Amino acid sequence: MSGMFDLLLTAYPWVKSLHVISVIAWMAGLFYLPRLFVYHVEKVESGSETDALFQTMERKLFRVIMQPAMMASWTFGLIMVFTPGAVDWGAIWPYTKGFAILSMTAFHDWLGRRVYQFSQGTNQLTGRRYRIMNEVPTVLLVIIIFSVIVRF
């Protein structure tokens with residue numbers, strides 16, 4: 001077991017770097033996709049060529065960038081969690097960060113359902129609603145950053 005812990009400790013800076021890279025990619029998608037939905041709802045006629053273009057952009061952003069980035073963020077994050085000494089489980093910050101990460105993942109899934117609704121022509125939400133929802137990842141990011149850096 002000592003060999004595994006040594007490997008985790010040695011790899012930690014690399015894993016942490018890959019985690020940060022994947023989180024940045026995931027966050028970019030979480031910020032951009034709701035904005036695409038705003039323009040899709042407000043400026044695009046359903047069934048038009050532009051509608052098909054927006055659906056392609058939304059689907060590819062979600063499946064090609066956001067899904068892999070989320071999975072990589074989770075993978076590298078969990079590796080760090082299991083690295084000896086990386087997390088002080090007696091503090092509050094791992095739990096606030098964990099709550100925010102689970103919430104971010106739920107928001108990601110919510111966005112995926114919206115991509116599907118647009119593809120089926122069943123979107124019911126307004127541009128205003130998507131603008132409001134666009135603030136969710138920002139609030140969660142603030143919680144995550146303060147949890148990790150300030151470690152309250």
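Summary table
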quantity	calculated
Angle in degrees between helix 136-149 and the longest Cα principal axis of the chain, rounded to the nearest 10	10 degrees
Two-site label geometry, residue 16 and residue 129: point separation in nm, points 7 Å out along Cα→Cβ	4.2 nm
Per-residue ³J(HN,Hα) for segment 123-131, Karplus 6.51 cos²θ - 1.76 cosθ + 1.60, θ = phi - 60°, Hz, x for Gly and Pro	4, 10, 8, 8, x, 4, 4, 5, 4
Cα centre as origin, Lys/Arg/Asp/Glu Cβ charges: segment 2-149 dipole, Debye	200 debye
Tilt relative to the chain, helix 49-60 - C-alpha long axis, 0 to 90 degrees, to 10	10 degrees
Nearest-20 debye value, segment 1-84 charge dipole, Cβ charges on Lys, Arg, Asp, Glu	180 debye
Helix-derived mean residue ellipticity, 222 nm - over the chain, DSSP H n ≥ 4, -39500 (n - 2.57), to 500	-26500 deg cm²/dmol
Among 5, 122, 54 the positive-end extreme of the charge dipole of the chain (Cβ point charges)	122
Nearest-ten-degree value, helix 67-81 long axis tilted from longest Cα axis of the chain	20 degrees
Exposure proxy ranking, count of Cβ atoms within 10 Å, fewest first, for 102, 125	102, 125
Order of 9, 61, 30 - criterion: other Cβ atoms within 10 Å of each residue's Cβ, fewest first	9, 61, 30
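Read-outs throughout are calculated quantities, based only on the coordinates presented, and are distinct from any laboratory measurement. Keep in mind it's a predicted model, so treat the numbers as computed, not measured. Positions of Cβ are backbone-derived with ideal geometry, glycine not excepted, and every protein chain shown enters the neighbour counts.
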